[in-house]
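Asker: One structure is given below, represented as structure tokens, and several questions about it will come after.
Bear in mind that the values in this text are calculations on the coordinates, not laboratory data. Worth saying up front: this structure is predicted, and the values here are computed from it rather than measured. Here the Cβ positions follow ideal geometry from the backbone for every residue, glycine too, while neighbour counts run over all protein chains shown.
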Amino acid sequence: MSATLSAPVLPEYLKGRDFLTFLEYSPEELQELLTLAAQLKQLKRNRIPHKLLEGLSVAMYFEKPSNRTRVSFEVGIYDLGAHPFMLRKDEINLGVRETIADTARTLSRYVDCIMIRTFAQKDVEELAQWADVPVINGLTDDYHPCQVLADLLTVQERFGSFKGRKLTYVGDGNNMANSLMLGCAMVGMDVTIASPSGYQPQPAIVEKAQSIAAQSGATVAVSDDVKAAVKDASVVYTDVWASMGQEAEAEARKQVFKAYQVNAENLALALPEAIVLHCLPAHRGEEITAEVLEKHADVIFEQAENRLHAQKAVLAAIVR
Ligand code: CP
């Protein structure tokens, strides 16, 4: 154990902020969260207590299934000395049993932070608007910022820096594509989304990411050409072809996306040192071959572990 490791000093100016899309943060603040995540990872690895949120409570509300988000938040909240607890959909039924505003104002009287995974981004925004405590987006149909914070931590660990490197995302232009575009643009890493026509990311989010990239010196591109997109990439990223809530489209999507697979042939065009990332769960034989996933399993499961450290950084920084 290193004698120099100690609990980090938390910046006061992030206290009380929501974590909904990344757009609530400046590039410098995002980098600050990454630095904090790396520090918290070292404390955890060295079993040094870091109960920065001692005595507080964090509610977790899920309307979609989860392994990584559920477990990493629960463990992380406990690591920070706070009390995590789950709210089930049949208990809360957001926006149905009572208004979102009433749920937000009630929970704010009991807990110090609300983490929510649901479908509509607007519901998370409304919850945050009415809550007096920070709200964290644990995934919506539009964004998955907790995942991308962990992804950026993983890239930073592997390559040391972002500038001059390209991340290529292959697959559906979904919440992951949206958050990767914003996150990469903010840290100054080039990003290309390779998706078939009709399944590309929302133009408004592409344009927003491009405007951020213009400031950071990065590029944001969207293409339907997988091979051109993967060429010279340092990071090749993919996600399932049918996200949660799109199960009925799964068979049709297998036809649409069959050329949008991370496999040995496409990966050969990336840089020799390229890493493969996957937010998981993975569907082997669809968006990624079993061979590629197992070859890159070390970094993919490091990426999964980094959910814990990244989310702890967000919690420690924003919860009062
Ligand atoms: N990547 C991710 O969010 O995993 P879960 O759906 O298991 O939480």
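Asker: Among (1) of a type in the set (D, E, K, R); (2) under 27 Å from Arg253 (Cβ atoms); (3) in a helix (DSSP H, G or I); (4) more than 14 Å from the chain's Cα centre (by Cα), where does Glu157 come up short?
Answerer: Exception for Glu157: condition (2).
Asker: Is there a residue in the stretch 36-57 that is basic (Lys, Arg), touching a residue at least 24 places away in the same chain (Cβ under 8 Å) and not in a loop (DSSP other than H, G, I, E, B)?
Answerer: Yes, the stretch 36-57 contains a residue that is basic (Lys, Arg), touching a residue at least 24 places away in the same chain (Cβ under 8 Å) and not in a loop (DSSP other than H, G, I, E, B).
Asker: Right, something else. Being touching a Ser or Thr at 6+ places or on another chain (Cβ under 9 Å) and either surrounded by fewer than 17 Cβ atoms within 10 Å (Cβ to Cβ) or outside any loop (DSSP other than H, G, I, E, B) (or both) is true for just one of Tyr78, Tyr13, Tyr61. Which residue is that?
Answerer: Every option except Tyr61 fails the conditions.
Asker: Residues that are in a helix (DSSP H, G or I) and either free of Cβ contacts under 8 Å to residues at least 12 places away in the same chain or hydroxyl-bearing (Ser, Thr, Tyr) (or both): does the stretch 137-152 have at least one?
Answerer: no
Asker: Sticking with this one: Given Gln303, Gln311, which one is surrounded by 24 or more Cβ atoms within 10 Å (Cβ to Cβ), within 19 Å of the chain's Cα centre (by Cα), over 24 Å from Ala270 (Cα atoms) and within 14 Å of the ligand (Cβ to nearest atom)?
Answerer: Matching residue, one of Gln303, Gln311: Gln311.
Asker: Pull up the stretch 285-300, narrow it to residues that are within 16 Å of the ligand (Cβ to nearest atom) and not in a loop (DSSP other than H, G, I, E, B), then point me to the one that is nearest to the chain's Cα centre (by Cα).
Answerer: Ile300
Asker: For residues in the stretch 70-90 being touching a residue at least 40 places away in the same chain (Cβ under 8 Å) and touching a strand residue (DSSP E or B) at 6+ places or on another chain (Cβ under 6 Å), which is nearest to the ligand (Cβ to nearest atom)?
Answerer: Filtering first and then ranking leaves Phe73.
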